[in-house]
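The values are calculated or read from the model by the stated rules, or taken from the named source; none is laboratory data. As the structure is a prediction and not an experimental result, all values here were calculated from the model. Cβ atoms come from the backbone with ideal geometry, glycine included; neighbour counts cover every protein chain shown. With ligands, DNA and RNA removed, areas are computed over all heavy atoms of the protein, side chains included. Shrake-Rupley method; radii C 1.70, N 1.55, O 1.52, S 1.80 Å.
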Amino acid sequence: MTETITASPAGTWRLGDLTVNRLGFGAMRLTHLADGSPSDRERVTSVLRRAVELGVNHIDTAAFYFSPLRSANELINRALAPYADDLVITTKVGPGRDAAGQWWWAEPGQLRGQVEENLRQLGRDHLDVVNLRVPRRETSGSVAEHFGALAELRTAGLIRHLGISNARPDHLAEARAIAPVVCVQNPYGIGSPAEDHAFVDECGKQGIAFVPFFAIAGAGKESGATAEDSPGVRAVAEARGVSAAQLRLAWTLNRGPHVLAIPGTGNPDHLVENIAAGSLRLTAEEAALLDSL
């Protein structure tokens, strides 16, 4: 890895007309600690500012990222506004949470309200990229009505670019028939099934960014990385002198120039480790081993 740690060595990709470093930042973990207690406000705002100082210019967030005392969007606003011209903030709509934290799913006519809530919390007059989150990709039907509603908001100037999240290839095809799609955001990482690998490759062929979530956490999902990692991951990580989390990020970026990474943390040390992973280059043998897990 390079001695000077920045997000630049990971390379760049264009989300429509917006150029971002492929190593970004996910805001989900800003609002609370692993045990559910509130995060330290000053610490996480300093993490956000440090991320930008280290070259991160792509932040993924959502209005439904909140705990009883913290809102990810408002933490971003407090830490980073007025925003740098090159900072791209990606949000997602579809899911919602009431004040008690109970989940609900928006009807097409409710998406404008969700977009406006993101605008209000972030203090912006437009959103750079909005992903439509699909409830259950295994069983969800048509996304046309919901995506069409977002396409209208794009035409109205509230949204600059559109993406789709938790989606299948047929969802992507349906959405692209309505409006341009700049990214797909799905769960993905080492050990994902073959059909997910194929979808990543297909996005690359279509020039669409693939932005995995849970790339580090794997089976841990919202709870974070599991304490036990596979022997194959541990062996390669130990041989390279890096953490398993860094190796997972490097593998993610190795999947193709269109693959972005959005690791999230409220820990300043973990932030630096994550960004340093953008400089790690896998050998063909290491990549093949990790691909096979």
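In segment 41-93, taking the dipole from charged Cβ atoms about the Cα centre, the farthest positive-side position among LEU87, ILE59, ALA72 is held by ALA72. As a length-normalised measure over Cα pairs under 8 Å and 6 or more apart, the relative contact order of segment 1-117 settles at 23 percent. The relative contact order of the chain, computed from alpha carbon pairs under 8 Å that lie at least 6 residues apart in sequence, is 20 percent. Overall, the chain carries a charge dipole of about 320 debye about its Cα centre when +1 sits on the Cβ of Lys and Arg and -1 on the Cβ of Asp and Glu, all other atoms neutral. Think of each Lys and Arg Cβ as +1 and each Asp and Glu Cβ as -1; about the Cα centre, that makes the dipole of segment 71-217 roughly 140 debye.
Taking amide H as placed 1.01 Å from N in the peptide plane, ALA7 has its amide H under 5 Å from the amide H of GLY55, VAL56, each at least 5 places away in sequence or on another chain. With all projection directions averaged, the alpha carbon convex hull of segment 118-190 covers 5.5 nm². Using a probe of 1.4 angstrom, how much of the accessible area of the chain is carbon and sulfur, in percent? Its accessible area is 51 percent carbon and sulfur atoms. The chain has equivalent-ellipsoid semi-axes of 28, 23, 18 Å, by the square roots of 5 times the alpha carbon gyration tensor eigenvalues, sorted largest first. Here the Karplus relation 6.51 cos²θ - 1.76 cosθ + 1.60, evaluated at θ = phi - 60°, turns the backbone of segment 241-246 into coupling constants of x, 10, 7, 4, 5, 5 Hz, with x for every Gly and Pro. When both bridge partners sit in the chain, DSSP labels roughly 30% of those beta bridges antiparallel.
Averaged over its residues, the chain has an accessible area of 44 Å² per residue, based on protein heavy atoms and a 1.4 Å probe. Over what distance in Å are the Cα centres of segment 18-63 and segment 232-265 separated? That distance is 19 Å. Summing +1 for each Lys or Arg and -1 for each Asp or Glu among the other residues whose beta-carbon sits under 12 angstrom from that of GLY191 gives -2. Within the chain, which is the longest segment containing none of the GluC sites (Glu not before Pro) that sit in a DSSP loop and have at most 13 other Cβ atoms within 10 Å? Looking at the chain, 4-137 is the longest stretch - no exposed GluC sites (Glu not before Pro) with at most 13 other Cβ atoms within 10 Å.
Here the dipole of segment 134-293 is about 360 debye; that uses its Cα centre as origin and unit charges on the Cβ of Lys and Arg (positive) and Asp and Glu (negative). Over the residues of the chain, the helix contribution to mean residue ellipticity at 222 nm works out to -10500 deg cm²/dmol, using -39500 (n - 2.57) for each DSSP H run of at least 4. Anisotropy class assigned to segment 103-237 is prolate, per the alpha carbon gyration tensor with a/c at or over the 1.5 cut-off and a/b larger than b/c. Once you order the gyration tensor axes a ≥ b ≥ c over the Cα atoms, which shape class does segment 223-283 get: rounded for a/c under 1.5, otherwise prolate or oblate by comparing a/b with b/c? Rounded, because the longest to shortest axis ratio a/c is under 1.5.
Along the axis of the charge dipole computed for segment 243-293 (Cβ charges of +1 for Lys and Arg, -1 for Asp and Glu, origin at the Cα centre), the listed residues SER243, VAL259, LEU289 are led at the positive end by VAL259.
For segment 150-158, putting each phi into the Karplus relation 6.51 cos²θ - 1.76 cosθ + 1.60 with θ = phi - 60° gives couplings of 5, 4, 5, 5, 5, 4, 6, x, 7 Hz, in residue order, rounded to whole numbers and with x for Gly and Pro.
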